[in-house]
1. With N residues in the range 79-125, what two-decimal value do you get for its Cα radius of gyration over 2.2 N^0.38 Å?
2. How much of the DSSP beta bridge set in the chain is antiparallel, as a percent to the nearest 5?
3. Between beta-carbons, use under 12 Å as the cut-off and find the net charge around His281, counting Lys and Arg +1, Asp and Glu -1.
4. Across 10 Å bins from the origin, how do the percents of Cα pairs in the chain run, short distances first?
5. First select every other residue whose beta carbon is under 10 angstrom from the beta carbon of Glu112; then total the charges, Lys and Arg +1, Asp and Glu -1.
6. If each DSSP helix of 4+ residues adds -39,500 (n - 2.57) and the sum is divided by the residues in the chain, what number results at 222 nm, nearest 500 deg cm²/dmol?
7. To the nearest 20 debye, what is the magnitude of the charge dipole of the range 161-210 about its Cα centre, counting +1 on the Cβ of each Lys and Arg and -1 on the Cβ of each Asp and Glu?
8. Of Thr88, Leu215, Tyr157, which is farthest towards the positive pole of the chain's charge dipole, taken about the Cα centre with +1 and -1 on the beta-carbons of Lys, Arg and Asp, Glu respectively?
Amino acid sequence: MRYFYIIIILSLSFGSFSQRMKIKDSQLIYFEIPPKNAQYLGFSNIYVEPKLPADYNYRTLVSDMIYKGKYTVVNDRTQANLIVSFITSNNILSFPKDRVETKNDKTKYYTESKHKLDCTFFLSLPSGQIVDQVFKTIDIDVEGNSPKTQEAATKEYNNRVARDIPSKISSLVTDCFDDLQDKYFIVNETLSAKIFEFKHRRHTYEEFDAAADLLLQWLKTNPGELSSPNIQEAISIFEEFMREYSKKKRARVNPEVAAAVEYQLALIYFQIKDYTNANLHIQNSETYDKRLNNHQQILNNYCKIMVGRNGF
């Protein structure tokens, strides 16, 4: 999971709904994820220190991933509470080799090599004491080819080396820092919450639509306040709606509708930081119908994380 200042707007596509269910609106929910280790929560000044000159190319990448709402990236090492340092390497396993391949009277020229890319991140105190480190490595093949000449293949190979290796190292740097910040830093996230409405020629859903309007208004104006009359009324309507549940597909509150109702309830409890109840309702939603699968999975994953890290 990728966190830390990179705001990921999670609005993936839904499964195939019946004609009765529509997305009424969307509202962004902003929240913070506490780290697994709370020992360094009060340390807010971060210094990012590449170990090698070549790694300075990635310093901005790392700095930009730090959640600026809670942390300051300082330019003076002496002002830092924590030091994030890293080193990358490109180890050539096999040097560039040329080869020619002929099939069906067609000739193709190749230049290729093999590389092992490494990245190590360190979290340290200003004293030099290492708090933790993360190491990742990948093997990659770099190939250039051309049907024309060996020189053209080599040119393509050089272009790929210049493009692909820095790109892969950037991914390694990002993955390593993701692991480190998940352990020690507060993470800022954004969830795109979907509000549903229902329309059907046989059934009416006025009360549900009214509750959806109340939920949307609450999310826009005073999210997090469970005492709000609007959200108390919405919860009451949703819970009353669920008492009508039937497994029959033609029922007014069938499994698909029930899944959406439970999803809306999960959003409410997630927003007020009652992650245990949020987790319960999103599990219920998936049990009734999985056609909200992307959003159910996303909210479910966040609930599991927050249940284990409830509170700062």
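1. With N residues counted in the range 79-125, Rg over 2.2 N^0.38 Å equals 2.18.
2. 85
3. -4
4. 5, 21, 21, 17, 16, 13, 5, 1
5. The answer is +1.
6. The helix contribution divided over the chain gives -13000 deg cm²/dmol.
7. 280
8. The residue sitting most towards the positive pole is Tyr157.
Any read-out appearing in this document is the output of simple, stated calculations on the displayed coordinates, not a laboratory observation. A quick note: this is a predicted structure, and the numbers were derived from the prediction, not measured. So basically every Cβ, Gly included, is an ideal-geometry build from the backbone, and we count neighbours across all protein chains shown.
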